[in-house]
Amino acid sequence: MAKVKTALGASLFLLVYLVLIPWLFRDQPYRLGVLTTASVLSLISAGVWLMFYIGRINMGQGGFALVGGYAAAILVSKLGLSFWVALIGAGFITVVISILVGLPLLRLKGVYFSMITLSLTETARLAAQSLSSLTNGTKGILNLPLPGAVEIAGFTLIPDFASVDKHFAFYFLGAFLTILGFAALYRVVNSRLGWLFRSLQQNEDLASSFGVDVPRLRVIALAICALFAGIGGAFFVTMQQSVYPATFTFQDSTYFLLYCFLGGLGSVWGAFVGTFVLFLSFEMLQGLNQYQPLIYSLIMIGMMLWLPNGLLSIKPPFFGPGEPKKEEARP
Amino acid sequence: MGQVLFNGMYTGVQYSLIALGLTLIFSLMNVLNFAHGQLYVLGGFVTYYVYGGMKLPFFAALLASALTLAAVGCLFQIFFFRPVMRRSVREESSMLLSAGTAMMVESLVLIFFGEKHRGVPAVVNGVYELGGVFVPKGRLLVMGLSFLCMVAFILFMRYTKPGRALRAMAQDSETACLMGVNTARYAILGWALAAMLAGIAGAILVPISGVNSGLGNWISIKTFIMVMIGGAGVISGAIAGGLVLGIIESLGYHFFPGGETYLIIFVGLIVFLAVRPNGLMGKAV
């Protein structure tokens, strides 16, 4: 019964996400662009969610996204690779960097880990500014080309983005990556790996005494988290067709946390729901852009005071009722 | 070289003062105050208005900054941190709350004070020269005041009754409570003191380097670096971390006039933490 319900919910969601929304906004490229941005931000936030899942607060997601964005931009503009190769390359580079950085830093716990990851965001920004032979410094890399066509044996799998309505093309690509990302996340959480991750969240020392290879698992979680950031960053940069050191900042890193928390840490879909609710409701309040940080911060404080378990805790989660319920972890 | 070291000491002493406040809250409540840099900026703006705008004497402005920030600290604890800490068992909640307060203070400062860089006239003019090292009197005043505040703070923590109570809380809050320490009230005092230290640091700095609303995050990040170098939750660690960062920063700006200094510091920090995760003097995590 639960399976049928899950399948029904999932297909309804896909129908709305892939058919209804593009159809509704077919004449409004701006709105479509906003939705695409929300998709990709939710993908990046999903990485932060996974780090929450093993009990770490990652405040460096903006840094990883920036690395992914720059990697893609450099691969495309300096090496002349196609976007599709660069997308995979960006993911790969971000993962490698996250593993190199993560091996020493994941030994730090709690507040210490947050402090150092926060510094990572700044490190990425400074690196983008000072390694100017590679990144053009503060000027950034501009005029990135649109993704080209993908053909296999004469059959066009994906058309050239320049030849079709690019807003639609980006929307579908973003939606596809997001669905893929969240499906992967769902799979990870509901596997043996997911149980191991939960054991880390509860108590690392205890997990370790049961023979769980804690350092390896932590690095795996960070690598997945960075992969999401790298792919998301690369996509975002290609959509904007430019990248600057300020494309992802300290503030973005904090927003990703807020998205996860608003949606709720108890459900895989928390990052998705949080991002869409917050990002879209904000777009509707036109003219308040000036006060965005203030309103976000008030929402954040209000959440902590009155709704510590997120939006999905209000009613039974609509999507994926088969998820394990997460207990409040003792520190 | 002497000049570089003097500049490093000068920066380091202020940094230590900022790091002290962060360390105090961290050791008392295990809360990382992301808003520390923003409180520093707020302190700077209060001084800017009282000393630069209303033309009152500098020490009145210093006092005004200290009192305003102490009040803000109390409000933070009473309205935000106490309710959240009381109910939540997760570390994430207090950390996100503090990230939220940081964003709130920053945007409020931006809305009320604008984004211009503000400076005020120097408090004292003139320069001493000691063996080829130029020592502006203004900077000497800053160093003296910072040093004075630190000594006062350490003496307060060491020899007074509230200081003893705060130290007991930092060691073990529950036991302190059992020994008759009113922990709820002392937590408010701790916040007030910590915010006050940030405010004083901001106030002292305005006559020299000015203040603008965007500084906060950067100051917070620097404070985190100091705390990570020195070791979190230890007063000596905060002071050592501040001095070390000040001197490294000054050396870095001397040898790498471009923007690479902090990049090198961050990379160095990552290597350092791989070797000593608890910093120079920190307790084991």
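The values are calculated or read from the model by the stated rules, or taken from the named source; none is laboratory data. Keep in mind the model is a prediction, meaning the values are calculated, not measured. Every residue, glycine among them, receives a Cβ derived from its backbone with ideal geometry; neighbour counts consider all protein chains shown.
Exactly one of these conditions fails for A:A207: (1) touching a residue at least 12 places away in the same chain (Cβ under 8 Å); (2) of a type in the set (A, V, I, L, M); (3) touching a Ser or Thr at 6+ places or on another chain (Cβ under 6 Å); (4) buried (at least 18 other Cβ atoms within 10 Å of the Cβ). Give me its number.
(1) is the only condition that A:A207 fails.
Scan the stretch B:58-111 residue by residue and report those that are of a type in the set (F, W, Y) and either under 30 Å from B:V123 (Cα atoms) or not in a helix (DSSP H, G or I) (or both).
B:F58, B:F59
Restricting to the stretch A:87-122, name every residue that is β-branched (V, I, T) and either facing chain B (nearest Cβ under 7 Å) or assigned to a loop (DSSP other than H, G, I, E, B) (or both).
A:V101, A:V111, A:I116
So A:M284 ticks every box in (1) modelled with pLDDT of 75 or more; (2) among the hydrophobic types (A, V, I, L, M, F, W, C); (3) surrounded by 15 or more Cβ atoms within 10 Å (Cβ to Cβ) but one. Which box is left unticked?
(3)
What do you reckon, is B:G100 within 14 Å of chain A (Cβ to nearest Cβ), within 26 Å of B:P57 (Cα to Cα) and of a type in the set (G, A, S)? Write out each step before concluding.
Values: within 14 Å of chain A (Cβ to nearest Cβ): yes; within 26 Å of B:P57 (Cα to Cα): no; of a type in the set (G, A, S): yes.
No: the conditions fail for B:G100.
What are the residues in the stretch A:93-130 that are of a type in the set (F, W, Y) and touching a residue at least 40 places away in the same chain (Cβ under 8 Å), if any?
A:F113
Within the stretch A:36-59, take every residue that is over 10 Å from A:F256 (Cβ atoms) and in a loop (DSSP other than H, G, I, E, B) and give me the one that is nearest to the other protein chains (Cβ to nearest Cβ).
A:I57
Out of all the residues in the stretch A:208-232, which are at pLDDT 90 or above and either out of contact with any Leu (no Cβ under 9 Å at 6 or more places or on another chain) or under 15 Å from A:A71 (Cβ atoms) (or both)?
Filtering the stretch A:208-232 down to residues at pLDDT 90 or above leaves A:216-232.
Residues satisfying the conditions are A:R216, A:A223, A:A226, A:L227, A:F228, A:A229, A:G230, A:I231, A:G232.
Search the stretch A:233-249 for residues that are aliphatic (A, V, I, L, M) and pair each with any residue that is in a loop (DSSP other than H, G, I, E, B) when their beta-carbon atoms are under 9 Å apart and the residues are at least 6 apart or on different chains.
A:V237/A:L144; A:V237/A:T247; A:V243/A:G140; A:V243/A:L142; A:V243/A:L144; A:A246/A:G140
Give me a count of the residues in the stretch B:123-137 that are surrounded by fewer than 16 Cβ atoms within 10 Å (Cβ to Cβ) and either touching a residue at least 40 places away in the same chain (Cβ under 8 Å) or not charged (D, E, K, R) (or both).
10
With the requirement that a residue be aliphatic (A, V, I, L, M), buried (at least 17 other Cβ atoms within 10 Å of the Cβ) and within 22 Å of the chain's Cα centre (by Cα), what does the stretch B:83-122 give you?
Matches in the stretch B:83-122: B:M95, B:L96, B:L97, B:A99, B:A102, B:M103, B:M104, B:V105, B:V109, B:L110, B:V120.
On the basis of being surrounded by fewer than 17 Cβ atoms within 10 Å (Cβ to Cβ), in contact (Cβ under 8 Å) with a residue 40 or more places away in the chain, within 16 Å of B:M29 (Cβ to Cβ) and small (G, A, S), does B:A184 make the cut? Before the answer, list the steps.
On the way: surrounded by fewer than 17 Cβ atoms within 10 Å (Cβ to Cβ): yes; in contact (Cβ under 8 Å) with a residue 40 or more places away in the chain: yes; within 16 Å of B:M29 (Cβ to Cβ): yes; small (G, A, S): yes.
Yes: the conditions hold for B:A184.
Which of the following residues is in a helix (DSSP H, G or I) and at pLDDT 90 or above: B:G246, B:G216?
B:G246
May I ask you to verify whether A:R125 is within 19 Å of A:E204 (Cβ to Cβ), surrounded by fewer than 24 Cβ atoms within 10 Å (Cβ to Cβ) and either more than 10 Å from chain B (Cβ to nearest Cβ) or of a type in the set (K, R) (or both)?
Numbers: within 19 Å of A:E204 (Cβ to Cβ): no; surrounded by fewer than 24 Cβ atoms within 10 Å (Cβ to Cβ): yes; either more than 10 Å from chain B (Cβ to nearest Cβ) or of a type in the set (K, R) (or both): yes.
Answer is no for this residue.
With the checklist (1) surrounded by 19 or more Cβ atoms within 10 Å (Cβ to Cβ); (2) closer than 28 Å to B:V50 by Cα in hand, flag the one item B:A152 doesn't pass.
(1)
Could you tell me whether the stretch A:289-311 includes any residue that is free of Cβ contacts under 8 Å to residues at least 60 places away in the same chain, part of a helix (DSSP H, G or I), under 14 Å from the mean Cα position of the chain (by Cα) and surrounded by 17 or more Cβ atoms within 10 Å (Cβ to Cβ)?
Looking only at the stretch A:289-311, we keep the residues that are free of Cβ contacts under 8 Å to residues at least 60 places away in the same chain, and these are A:289-311.
When the remaining residues are screened for being part of a helix (DSSP H, G or I), the result is A:289-306, A:311.
Subset that is under 14 Å from the mean Cα position of the chain (by Cα): none.
There is no residue in the stretch A:289-311 that is free of Cβ contacts under 8 Å to residues at least 60 places away in the same chain, part of a helix (DSSP H, G or I), under 14 Å from the mean Cα position of the chain (by Cα) and surrounded by 17 or more Cβ atoms within 10 Å (Cβ to Cβ).
Within the stretch B:257-278, take every residue that is in a loop (DSSP other than H, G, I, E, B) and within 9 Å of chain A (Cβ to nearest Cβ) and give me the one that is farthest from A:R107 (Cα to Cα).
Here is the first cut: in the stretch B:257-278, the ones in a loop (DSSP other than H, G, I, E, B) are B:257-259, B:276-278.
Still in the list and also within 9 Å of chain A (Cβ to nearest Cβ): B:258-259, B:277-278.
Working: B:G258: 32, B:G259: 29, B:P277: 8, B:N278: 10 Å.
Taking the candidates together, the pick is B:G258.
Checking A:S281 against (1) outside any helix (DSSP H, G or I); (2) more than 15 Å from the chain's Cα centre (by Cα); (3) farther than 30 Å from A:G89 by Cβ: exactly one of these is not met. Which one?
Failed condition: (1).
Go through the stretch B:70-93 and give me each residue that's within 8 Å of another protein chain (Cβ to nearest Cβ) and in contact (Cβ under 8 Å) with a residue 24 or more places away in the chain.
Here is the first cut: in the stretch B:70-93, the residues within 8 Å of another protein chain (Cβ to nearest Cβ) are B:80, B:83-84, B:87-93.
Of everything in the stretch B:70-93, just one residue is within 8 Å of another protein chain (Cβ to nearest Cβ) and in contact (Cβ under 8 Å) with a residue 24 or more places away in the chain, namely B:E91.
Just checking, which of A:L41, A:L87 is in contact (Cβ under 8 Å) with a residue 12 or more places away in the chain, crowded, with 24+ Cβ neighbours inside 10 Å, within 19 Å of A:S253 (Cα to Cα) and not β-branched (V, I, T)?
A:L41
Which ones in the stretch B:232-245 are buried (at least 23 other Cβ atoms within 10 Å of the Cβ) and not aliphatic (A, V, I, L, M)?
B:G233, B:G237, B:G241, B:G242, listed by residue number.
When the residues of the stretch A:103-157 are filtered to those that are of a type in the set (G, A, S) and under 23 Å from the mean Cα position of the chain (by Cα), which remaining residue is farthest from A:I54 (Cα to Cα)?
A:G140
Of all the residues that make up the stretch B:180-213, how many are part of a loop (DSSP other than H, G, I, E, B) and aliphatic (A, V, I, L, M)?
1
Before we move on, is A:G263 surrounded by 24 or more Cβ atoms within 10 Å (Cβ to Cβ) and modelled with pLDDT of 90 or more?
Here the answer is no, as A:G263 does not meet what is asked.
Would a scan of the stretch B:29-44 turn up a residue that is modelled with pLDDT under 90 and part of a helix (DSSP H, G or I)?
The answer is yes, given that some residue of the stretch B:29-44 is modelled with pLDDT under 90 and part of a helix (DSSP H, G or I).
Out of B:L273, B:L189, I need the residue that is modelled with pLDDT under 90 and touching a Leu at 6+ places or on another chain (Cβ under 8 Å). Which one?
Only one candidate passes the filter, namely B:L273.
Could you check A:L32 against (1) among the hydrophobic types (A, V, I, L, M, F, W, C); (2) touching a Lys or Arg at 6+ places or on another chain (Cβ under 9 Å); (3) buried (at least 24 other Cβ atoms within 10 Å of the Cβ) and say which number it fails?
Just one mismatch for A:L32, condition (3).
Checking A:Q290 against (1) within 14 Å of chain B (Cβ to nearest Cβ); (2) over 26 Å from A:F197 (Cα atoms); (3) at pLDDT 85 or above, only one condition comes out false. Which one?
Among (1) within 14 Å of chain B (Cβ to nearest Cβ); (2) over 26 Å from A:F197 (Cα atoms); (3) at pLDDT 85 or above, A:Q290 violates only (3).
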